[in-house]
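Data first, discussion second: the structure below is written as C-alpha cells.
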Amino acid sequence: MRNRIIGAAVIIALVGIIFLYEDNQRSFSTPLEAIYHQTENQEGVTVKEIFASSQVNNHADYFYITNSDNIVAVQLSKGLFGWRFDSLSTGSGLNIYHKISKPINGYIRGGDFVFGLATEQVDRIEVNNIQARLIPLDFYFEGKEINGKKLWYVHTKNDSGESIEIHAYDKSNKEL
C-alpha cells in the first residue's frame, strides 16, 4: 500500500513539473513579447504596428495591424511565470484603409470578445446592452482613408453562439 502511495505521489509530482515547465516556456515578461513570439512563426502575418490595449488585473486585450493593414485582436493572461497568449481573432475583413459606408462595418467575434470598425459619426456602441470601448484610429494612423474611423470592442457576458445585437448612436444619442 505504501509503495502505491509513493508511486502516485511521484507521478503527480512529475506531471506538476512538466506542467510548470510548459507554462514557463510559453510565458513572457511583457504582453508585447508574447505577441511577437506568437506571430513570428505565422506565415504571411507580420505585425506592422501594435496600437491599442487594455489591461485589467491579469488579462489584457491588444490590437495590431498586419502587413496587409487588417486589424487583429489578441487576448493574453498573466500566469505564474508571466504573460501568455490566450487567443487571436483575425479581422481579415476589417482593413483600416477600406472605405466604410455604414456606421458599423461588420464585426469579428472570438468567444466573448467582439470588435469592429465604425465611422466618425458613431459616438457610442452597445453590444447586447453592454457599452463598447471606442478607440479613434486617427490617433494612431495618418491618412485621409482613416478620416475619423474608430475601432470598437467589448467583452460580452457569454461566449455561446447566441446572436449579437449591435446598436450605434451619434452624439445626440440618436440611433444610427
Under Karplus coefficients 6.51, -1.76 and 1.60, residue-wise ³J(HN,Hα) of the range 169-175 in Hz, glycine/proline x: 10, 8, 5, 8, 6, 8, 5
Ratio to report: Rg/Rh of the chain, with Cα atoms as the point set and Rh obtained by the Kirkwood method; give two decimals. 1.12
The range 141-156 - phi-based ³J(HN,Hα) in whole Hz, Karplus 6.51/-1.76/1.60, Gly and Pro as x: 10, 9, x, 5, 5, 6, 5, x, 4, 10, 8, 10, 8, 7, 9, 7
Among LEU151, LEU80, LEU88, the residue with the largest mean-square fluctuation in a Gaussian network model of the chain built from Cα contacts under 10 Å is LEU80
Say the cut-off is 27 Å between C-alpha atoms; which of LYS78/LYS149; LYS48/LYS150; LYS102/LYS144; LYS48/LYS171 go over it? LYS78/LYS149; LYS48/LYS171
In whole Hz, with x marking every Gly and Pro, tabulate ³J(HN,Hα) for the range 48-64 from phi via Karplus 6.51 cos²θ - 1.76 cosθ + 1.60, θ = phi - 60°. 7, 7, 8, 10, 8, 7, 8, 10, 10, 6, 9, 10, 9, 10, 10, 10, 9
What helix-only [θ] at 222 nm does the chain give? Using -39500 (n - 2.57) per DSSP H run of at least 4, over all residues, to the nearest 500, the answer is -6500 deg cm²/dmol
Where does the Debye-calculated log10 I(q)/I(0) of the range 82-176 sit at q = 0.22, 0.24, 0.25 Å⁻¹, using only Cα point scatterers of equal weight, no solvent? -1.16, -1.30, -1.36
Under a 5 Å amide H to amide H cut-off, with H placed in plane at 1.01 Å, what residues pair with ALA52 once short-range neighbours are removed? PHE63
Net charge contributed by nearby residues that have their C-beta within less than 11 Å of GLY143 (K/R +1, D/E -1): -2
Could you state the accessible area per residue of the chain in Å², with a 1.4 Å probe and every protein chain left in place? 61
Could you give the angle, 0 to 90 degrees to the nearest 10, between helix 2-25's Cα long axis and the longest principal axis of the Cα atoms of the chain? 30
Sorted by mean Cβ packing within 10 Å, highest first, what order do the peptides 135-147, 95-107 take? 95-107, 135-147
Here the net charge surrounding HIS59, from other residues whose Cβ is less than 13 Å away from its Cβ (Lys, Arg +1; Asp, Glu -1), is -1
Quick one: pull the percent of accessible area on the chain belonging to carbon and sulfur, 1.4 Å probe, ligands and nucleic acids left out. 50
Given a 10 angstrom Cα cut-off, can you work out which residue in SER68, SER27, SER163 is the most mobile in a GNM of the chain? SER163
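The values are calculated or read from the model by the stated rules, or taken from the named source; none is laboratory data. Bear in mind that the values here come from a model prediction, so they are computed numbers and not experimental data. Note: ideal-geometry Cβ built from the backbone for every residue, glycine included; neighbour counts use all protein chains shown. What goes into the accessible areas is simple: the full protein's heavy atoms, side chains included, and nothing from ligands, DNA or RNA. Shrake-Rupley method; radii C 1.70, N 1.55, O 1.52, S 1.80 Å.
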